[in-house]
Amino acid sequence: MKILVCISKTPDTTSKIAFKNNNAQFEDAGVQWIINPYDEWYTLVKAIELKEKDPSVILHLITVGGADCDAIIRKALALGGDEAIRVDTESDDSYVIASQIAAVAKEGNYDLIFTGKETIDYNGSAIGGMLAAKLQVPYLSLATQFELNGSEAKVTREIEGGEEVDAVTLPAVISCQKGMAEQRIPNMRGIMAARTKPLKVVPPVAIEALTHIVAYELPPAKAGVKLVPADDVATLVKLLHEEAKVI
Amino acid sequence: MSVLIFIDQSEGHLKKASFEAAAYGAAVAKQMNTNALALVLGNVADGLTQLGNYGISKVYQIQKDIFNHVDAQVFATVITNVVKQVDASIVIFSHTQTGKAVAPGVAVQLKAGLVTGACALPQNDNGFVVKKTVFSGKAFALVNITSPIKVITLNPNSFGIQMITENATVEALEVTVPNATIQVVATNKVSGEVPLSEADIVVSGGRGLKGPENWGMIEDLAHVLHAATACSRPVADAHWRPHHEHVGQTGVQIAPNLYIAIGISGAIQHLAGVNRSKTIVVINKDPEAPFFKAADYGIVGDAFEVVPKLTAAIKEMQSK
């Protein structure tokens, strides 16, 4: 059983969001970078659990990005995994990123590819579905539970208005969200081991981007809160009804 | 050249977000002087001609039992074939569970640029630039799609619908449908309650409520407002409420017309899940709670006193 986990680098959830160069680029000065929480808490940890259950599982991590991703991928390796692959290119187009991962995945003959449901910076929710289409394997999105049984998997996933339990024959691509696993803190042994685990840097395949971010915008500032005294809820109801027109 | 809008249905009923996607797609078609076509997969009880009210001229329908469940690969292949058949150059989905599952596959099969989570009409004066939410609603990105075919998923509750009085024509399509790639073992639909992602109003409780036994007043308030209930992460982690009610950065992201936060301090991770709400009301006894900075209306006070009074006041207003 070979598993590939897709890892993305994102700004910490508490980062101040600002832009530079005429709003064309994210202002990364002073930003703390983390593993995208969906990739780490629900995706990587689930894959590690599968390997703990069956030590013959081969677990590879992959990221697409420059050398500044290495700290993040080492941190991921400190949690678990046998080796990591970094495709050495940068892009803001999901088609380019998915194509890079698909090229590696095809060569590695993985049985399972895990992605987080989205990154907390670009909020694309696109890589998993694109990978599945590129590799022509089933795609199960928004998984909350996952059980492996030989070459079959049982996946519980969020659908419109509820959940669905699906059976699938591997290989498959799964996007993971809350419920799959719980957050873990890397221990000293893991951190030491991660230093010597292989991190392969591979060149990108030639793919033309289909989209480009031209600029960023910040939402208009809120006008400020209108406070209503606690003993006068009638005024709040009136404001919601007549001013905001939401009830 | 035309605009094709995928209309999602669940158990034979068209989804609310699909009407919004239809109206958005029709507006895109108008910008380009072309037709807005809709595609419905599966057996639908609702009348499809009503999609004309949202600017759709023609609805294509493919009725097959396989479409009762969303198999992402099957849907992506069928939609791709229809796009080719009707010569569509823009494909619109709702950014919902189904849209997120299917649109990326369609984009790859058509080698089309994809923008997910769009929140405004494209700007055509310099390329084809679509505005989307990024950083979990804390910012927007303007994305230029350069490929001949373009795929967009629209954030629910982000586009104002203007209805017209027209009937769409409905035409059955025959296409070959690939074999299922997944096997559905069980479905568990939440019935009776208002689904969180579709609710116009959401009433949400946090740690300030002290325990699950105090959720009755949240449910009462939600009931009079026909609202969905939600909670903050610590509440879900403590198992006071089910995980599917957790809104925030790592839970569900919502954009209702009205979000009422009760006993929630407003950590940045929580705000990331709710900051696209049109109106935010915060009830918290701590005047320094950061949530007040993101709120439109607020009450500094004890939730246990304020909430029952608020429920009563809303009932009174509704009875008038």
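The values are calculated or read from the model by the stated rules, or taken from the named source; none is laboratory data. Worth saying up front: this structure is predicted, and the values here are computed from it rather than measured. Cβ coordinates were reconstructed from backbone atoms using ideal geometry, including for glycine residues, and neighbour counts include every protein chain displayed. Remember, those area values only see protein heavy atoms, side chains included, never the ligands or the DNA or RNA. Shrake-Rupley method; radii C 1.70, N 1.55, O 1.52, S 1.80 Å.
In segment A:14-105, what is the count of Lys pairs whose alpha carbons are under 27 Å apart, counting only pairs at least 8 residues apart or on separate chains?
4
Both the radius of gyration and Dmax for chain B are 21.2, 62 Å, in that order, over alpha-carbon atoms.
In this structure, the amide hydrogen of residue B:181, modeled 1.01 Å from its nitrogen in the peptide plane, lies closer than 5 angstrom to those of B:74, counting only residues at least 5 positions away or on a different chain. The solvent-accessible area of residue B:131, taken with every protein chain present and a 1.4 Å probe, is close to 50 Å². Taking all Cα pairs closer than 8 Å and separated by 6 or more residues, the relative contact order of segment A:57-193 comes to 24 percent. Exposure check, 1.4 Å probe, all protein chains in place: residue A:232 carries approximately 50 Å² of accessible surface.
Set the Förster distance to 35 Å, then compute FRET efficiency between residue A:92 and residue A:235 from the Cβ-Cβ distance, nearest 0.05. In this case the efficiency is close to 0.15. Derived value for segment A:2-220: Kirkwood hydrodynamic radius 17.8 Å. Basis is the mean of 1/r over every pair of different alpha-carbon atoms. Relative protection proxy for B:132-142, B:254-264, from highest mean packing down: B:254-264, B:132-142 (other beta-carbon atoms within 10 angstrom).
The count of lysine pairs in segment B:196-319 with alpha-carbon distances below 21 Å, taking only pairs 8 or more places apart or on different chains, stands at 5. In chain B, the DSSP beta bridges split such that about 20 percent are antiparallel, to the nearest 5. Counts of other chain beta carbons within 10 angstrom of each beta carbon in peptide A:65-78 average 0. Using a 1.4 Å probe over the heavy atoms of the protein chains, calculate the carbon and sulfur portion of the accessible area of the protein assembly as shown as a whole percent. Answer for the protein assembly as shown is 50 percent, counting heavy atoms of protein chains only.
Largest accessible area first, the residues A:117, B:111 order themselves as B:111, A:117 under a 1.4 Å probe with ligands, DNA and RNA left out. If you take the Cα centroid of segment B:175-241 and the Cα centroid of segment B:254-288, the two points sit 16 Å apart. Distance between the modelled labels on residue A:83 and residue B:184, one decimal in nanometres: 4.2 nm (7 Å Cα→Cβ projection). Over segment B:252-320, the hull volume per residue, using the convex hull of the C-alpha atoms, is 90 Å³.
For residue A:245, a cut-off of 16 angstrom between C-alpha atoms picks up these aspartates and glutamates, skipping any fewer than 8 places away in its own chain: B:200, B:296.
Annotation: extensible slack from residue B:124 through residue B:319 equals 65.4 nm (criterion: 0.36 nm per residue apart, minus Cα-Cα distance).
On the beta carbon distance between residue B:167 and residue A:147, with R0 = 30 Å, the FRET formula returns roughly 0.05.
Ranking B:165, B:77 by solvent-accessible area of protein heavy atoms (1.4 Å probe, all protein chains present), from largest to smallest, gives B:165, B:77.
Per-residue ellipticity at 222 nm computed for chain A from its helices equals -7000 deg cm²/dmol, with DSSP H segments shorter than 4 residues left out and the rest contributing -39,500 (n - 2.57).
Solvent-accessible surface, computed for protein heavy atoms with a probe of 1.4 Å, shrinks by 40 Å² or more for the following residues of segment B:283-320 when the other protein chains are added to the isolated chain: B:296, B:297, B:298, B:299, B:309, B:310, B:317. Note that segment B:154-160 has calculated 3J(HN,Hα) couplings of 9, 4, x, 6, 10, 10, x Hz, one per residue in order, obtained from phi through the Karplus relation 6.51 cos²θ - 1.76 cosθ + 1.60 (θ = phi - 60°); glycine and proline are x.
Highest mean packing comes first when the peptides B:27-35, B:2-10 are listed by Cβ atoms within 10 Å, giving B:2-10, B:27-35.
Taking the DSSP bridge list for the protein assembly as shown and keeping only pairs wholly inside it, about 35 percent are antiparallel.
Kirkwood analysis of the Cα pair distances in the protein assembly as shown returns a hydrodynamic radius of 24.4 Å. Only helices reaching 20 angstrom along their own axis (Cα) with mean Kyte-Doolittle hydropathy no lower than 0.0 count here, and for the DSSP H runs of chain A these are A:94-108. Set against the 2.2 N^0.38 Å expectation for a compact globular protein, segment B:196-319 has a Cα radius of gyration ratio of 0.94. Computed from point charges on the beta carbon alone (+1 for Lys and Arg, -1 for Asp and Glu), the dipole magnitude for segment A:1-49 about its Cα centre is near 100 Debye.
If you model segment A:54-102 as an ellipsoid using its alpha carbon gyration tensor, with each semi-axis the square root of five times an eigenvalue, the axes come out at 22, 14, 7 Å, biggest first. With contacts taken as Cα pairs under 8 Å at a separation of at least 6 residues, chain A carries a relative contact order of 24 percent.
Dipole magnitude for chain B: computed about the Cα centre from +1 point charges on Lys and Arg Cβ and -1 point charges on Asp and Glu Cβ, it is near 700 debye.
Counting only Cβ charges, +1 for Lys and Arg and -1 for Asp and Glu, the dipole size of segment A:39-125 around its Cα centre is about 260 debye. Against the criterion of solvent-accessible heavy-atom surface with a 1.4 angstrom probe, B:215, A:33, A:41 sort, most first, into A:33, A:41, B:215.
Once you keep just the Cα pairs under 8 angstrom separated by 6 or more residues, what percentage relative contact order results for chain B? After rounding, I find 14 percent.
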